[in-house]
Structures are given as structure tokens and as C-alpha cells.
1. With a 1.4 Å probe and every protein chain left in place, work out the accessible area per residue of the protein assembly as shown in Å², rounded to a whole number.
2. On a 0 to 90° scale, report how tilted helix A:128-141 is relative to the longest principal axis of chain A, with both axes built from alpha carbons and the result rounded to the nearest 10.
3. Could you give the dipole magnitude of segment A:257-377 about its Cα centre, charging the beta-carbon of Lys and Arg +1 and that of Asp and Glu -1, in debye to the nearest 20?
4. Dipole of segment A:180-296, Cα-centred, from +1 at each Lys and Arg C-beta and -1 at each Asp and Glu C-beta, to the nearest 20 debye?
5. Which FRET efficiency value, to the nearest 0.05, is calculated for B:Ser252 and A:Ser183 with the Förster distance at 41 angstrom and r the Cβ-Cβ distance?
6. Which whole-number percent gives the relative contact order of segment A:257-377, counting Cα pairs below 8 Å spaced six or more residues apart?
7. Distance from the Cα centre of segment A:184-224 to that of segment B:229-259, in angstrom?
8. Quick one: angle between helix B:239-264 and the longest Cα principal axis of chain B, in degrees between 0 and 90, rounded to 10, please.
Amino acid sequence: MPDEAFNMAQHHKDADMSPSSTAAIEVRDAVKRYGTFTALKRISLTIEDNEFFTLLGPSGCGKTTLLRMIAGFEDVTEGAIHLFGDPIADLPPHQRPVNTVFQNYALFPHMTILENVAFGLEMRGKSKSEARSKAGEMLELVQLSEFAKRKPSQLSGGQQQRVALARALAPQPKVLLLDEPLSALDLKLRKAMQLELKHLQRETGITFIFVTHDQEEALTMSDRIAVMSAGEMQQLGSPTDIYERPRNMFVADFIGETNLLEVSVDAIAGGRATCHLGGGHELTCNEVEGIGVGAKVHLSIRPERLFMSEEPAEGESLKGRIKENIFVGTDISTIVELAEGPDFIVRTSNSDRGNKRIFEPGTEMFVNMELGAGRLLID
Amino acid sequence: MAAVNDNIKSYTGFKAITILCLVVLYAPLVIVTIYSFNASKSITNWEGLSLYWYYDIFAGPESAKWKEAAWNSFTIAIVAATMATSIATLAATAMVRGGKFKLRTASFGLISLPLMVPEIVLAVATLIFFNSIGFTRGYFSILVAHTAFCIPFAYLPIQARMQGIEDSFEQAAMDLYANKRQAFTKILLPLMMPGIISGFLLAFIVSLDDFIITNFVKGAGVETLPTAIFGSVKQGLKPNIMAISTLLLGVSVVMVTISYFVSKKDNTQ
Ligand SMILES: Nc1ncnc2c1ncn2[C@@H]1O[C@H](COP(=O)(O)OP(=O)(O)O)[C@@H](O)[C@H]1O
Ligand SMILES: [Mg+2]
């Protein structure tokens, strides 16, 4: 059945199916309860075919739970899950054309690397020799051919990770689920694996659902990101969407570094909202639907969208004084104090040192931004 | 590590107590082994090295009795240990993988309780039970009784082993299209094997060695090695007993050695 849905997606559309039947995974109003504790509170999301989709959120927000529901290891308390249009919530794991890369890899310790990779193919009814030769190809793809005869314990963490990946990809699943697969690797290896994963996804055309609590990783790798917190979906969108247009406080705070300022909205005109920061400071930013005049809300401004100058620049300018410069490698973070107003963090690229954009602590100067740089948030 | 060892070694009396323990434990075994090679008819006077008593049990006037007892002992031990290990494997799978079912703690207690109950009580209870259901005493009653009391011995190493196996291995198997049965036979069972072998060997030794329960349920005319040895000793201690004991000791040593090597081979790493 799923095979048909996969190949004949177009046909299904004609046959009066819901338009989303071409989606790789559709989760509809999924609720998961463990006894009285609700781990997922009515999650709905659609993951398109060929997409690199990321579930992002702090530890304990329900990412693994959602992934295990798609894989079939947890049953769905309420709601439905569709795979290319077919309901799968009632199928056991071995009948779902979905494979998982487990967080601890779960490589079979008593089998060789080759046997591990061939396992899924054999279970799908391939002959032993056919499964082995296909597994050999997969090992070539992840550059581990020379380790085929070793046991998992004889491999490094990064190599085990690639074996787990090869094993899950070998049976050509419709969707690949990855639960924080890179979290056990050191930084350098992790960066390399991020690229390799992205590359593999493009090459195979398989839909990836990737789980991470690392926002940077999510921004680097994903086509789209679902930000979750406490069992609820906070925002779903492209990395740029989520970074530049966070919908609420949680998303703005969780993704990247930001200045979160308490403001009250004084006036709205022509799509612009004028806000009051306290201490007589004012800022204008884009209007956001649902936030009217008089509202006391938060304003998020990314530190790299701010720049300092001796004279006020075009756009929005606020007068302040340098409190501290913090060296962070590629950048310098400057803490600026507004007179009777809030503190700002301003991020300046280290390469701007020569351009007189860095000032000594105590200097009076102006903090500037483009007109739309700040973003009002619904709490 | 070294510091701790030095500490213990420096305790007063450490050496004396260690030697005393070793002597109490092993001196009788060493003496029995040595005297089994004695040429003398007496069990205390050494009259020179000889294999006479080994010849005596294999070809002497009582050899038929010993052979039959050995046959009974070994076939019962193999069959009872096999059945007990199979049952224990299934029980451990259910207990460790069955989730939190009601009475789980109670079930564990029920399985391991026979280890705590005095053996004489078990023996009497088994005898009364067999009588009440009209089970004729003989070879099969011993076999059934041994299977039953070997289960907890086989169960403990298997369960210990299983608790060390994360359930993500079976989940990975099912994720890779194995059904429940395939996940069990291809993944869980091979990973449990060291525990299963240890359990089997323990059950085998316990069955081979059992006297009290066997003596109660065996009925007339059927003997195992322990009951035959006991019967013979009642008629007077002869050095042939030492030869048999030494052979049994040899079997135990082999079993313990196998068990040691199997448990050292940890295939989940
Ligand atoms: N089997 C379970 N029984 C009870 N609570 C659970 C179970 N599995 C997960 N939870 C709870 O559900 C929440 C979400 O867990 P999880 O999906 O593992 O989070 P994440 O992967 O985002 O860190 C957590 O609060 C966790 O304690
Ligand atoms: Mg998790």
C-alpha cells in the first residue's frame, strides 16, 4: 500500500483524496498521554516528501515521543498519523516503511558491521547474498567498507554512527527518523556529520525527520523546523522564518541570542508600531497582527542587527554608553547601557575592528538598527 | 586499588584467617582426591599409589550398580536442566520485557522462593504432592521434581543477564522489519546466551548433586549417584566412595570452568 501511495501520489490527488495525501508524514491532532501526564498536547504537522525536517526543542519537550509514535514504538492516545496518505497509527513497527537511527545507535553487538547493515534487507525477504551485496554498497556510501567484518565494539563513536545510518538507509525507507544522532560526537566530528547527513539526504531523496535540542544544528541542516516546548508546537517554518520572525517569546529566546525588551505599544500607523522602552526611549518596528495600541509585550532584536556609531545613523538610533566588551572569537559582544533604559547586547564582527565600530567601555555613543530589525512577540 | 589491598593485608590475623578458611574448605577435597588413589583397603592408611578403586567402580562387583546410578544421574541432570532452563528463559523474558504487570514483584518472589525454603520442606511437600496425585515414584518422579527445583537456579543468571540488555536492540530489530518472534530469536536469544548457558550449568550441577529431594521421591530400586553413595556409606566407608567423589568433583570443576569462560565472554559490548 505505501508503495502505491508513494509512486502514484499524483493519481491519488485525482482520486479525490485530501490534498495532503502526497505529504510524507501527516500528524493530525496527535495527543500522547502517559497515565495522567500529557507528553504531547494535540500536535498537527505535515512533512513533505524529500524534506529535511527537524523537531527542535529543549530536553523533555516530547520530540522523542513524537518520533517513536511515527516509528510505532508508542501508541497514539488520540489523533492520527498518515504516511503518504495511509493511516499507520495502528500498524506494528515492522510493518511501517520507516526506519530509525537510534540515539545510542543500538547496533547489534553480536553481529558484524556487514550483518548489521544487511539485517533489514534480509527481514524484508531479500536473499542472504543479495542483502549482503546491497549492504556492502551502503557501507561504501558511508566509507566504511574496510570495517565490514568488524564487530560494532571495535569501531569509534563516529563510525558506529555511520553504520547506524547505513543500516537504517539500506532497506530504502520512505522516511528516516533520526533521534539526536550527533549528540554523542565531539564538535568537529559533529560539524562534519551534519554536512554528510545533509548530503546523504539530498542524494537519496528520502524524507528525513531529525530530532535535536541544538538550535544551531537545526538552523544549519533543515529545510523546515518545528520548534516544540512542553508538548506543544511553538512555531513551524524555514530556518530563516524561525530565526528572523519568531512568533513568540519562547522561540525568540530559544533560537539564537536576542535582546528581549519589555515595551508598550504607543501608536500603530502604516504597518509600523511605535513602542516605548522606558527612560523616554522609543523604537519603531513592524506591526504584528494581534498586538494593538496599549499592549505591553516583548520586543526581540538580534544583537547582530544592531551597530554602534558616534553620531546617530539613519533608521532607529538610541543614545547609550558602553558597559563592557566581550571577546567571543569571530565576534565581539558589547553590552550597552541606555540612560534609565534597558541594556542591549550588540554583536560586532571582529573584522569590523578597524571600522571604528568598537568603542572603549564608558564611551557615549549611539546604538542603531534598520527600521524593521526589531520584532514584537506574542507571549 | 593497590592501596586498598595493602590495607586489608595489614589487618592483624588476615593471613591466619585466610589460611584457615582455605584449609577448612579445601583440605577435605584434597585428602579425598589423594586417598582415592590409595592401594589400601583402609581409608586412612596410605599403602601406595594405585588406580585400583577406579578399576573397582568401573569393573568391580558393584560396577553395575554404579553405572546405573551414574546413567540415572546424568540423564536426569541433562533433561531436568534443559527443561528448567527453557522455562526460566521464557519466565525471564516475560518478567524483564513484560512491562509493569500486576503482581510482578510477587511473581519474582514466587520464582526465587524455593531457594530460601529449607530443602527438607520442599522434599516432603513434593512427596506429599506426588502421592496425592497418584504419581508413581521412580525415574520420572525424580525428573519432574528436579526440573521444578532447578528452575530458580537457572532463572537467576538468565535474569541478571537480561537486565543488562537494553530493549533498544529489539526495537531496532523491529524497526528493521523483524516481527516479534524474529526479534526474539535473532537478537534477544543470542544476546542472552551467556546467561542461558550459566543457568543451564548451574541447574545441571544442582540436579546432579541433589540428595534430599531425590531420596524422598525416588521410590525403591531407582538410585542416583548421591543416593547410591549414601546407601553404600551406610554399609561402611570404602575407598571406592572416594574414587566416585573425585570423579564427581572433576565434573564440577569442568562445569565451573566452562561457566567462568562463558560469563567472561560478554557479547553486548
Ligand atoms: N514511558 C514514559 N512514561 C512516562 N513519561 C514518559 C515516558 N516517556 C517519556 N515520558 C515523558 O514525556 C516527556 C517527553 O519525553 P521525550 O519525548 O523523551 O522528550 P525529548 O525527547 O524531547 O527530550 C518527558 O517529560 C518524559 O518524562
Ligand atoms: Mg529525546
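The values are calculated or read from the model by the stated rules, or taken from the named source; none is laboratory data. Model, not experiment: these values are computed from the prediction. Glycine gets a Cβ as well: all are built from the backbone with ideal geometry, and neighbour counts include every protein chain shown. Ligands, DNA and RNA are stripped out before the accessible areas are found, and what is left, the full protein with its side chains, is counted by its heavy atoms. Shrake-Rupley method; radii C 1.70, N 1.55, O 1.52, S 1.80 Å.
1. On the way: 32010 Å² over 648 residues.
Here the per-residue accessible area is 49 Å².
2. Helix A:128-141 sits at roughly 20 degrees to that axis.
3. It comes to approximately 180 debye.
4. Values: 10 positive and 18 negative charges, 42 e Å.
The dipole of segment A:180-296 has a size of about 200 debye.
5. Once the sixth-power term is evaluated, E becomes 0.25.
6. 31
7. A separation of 66 Å, based on Cα centres.
8. 20
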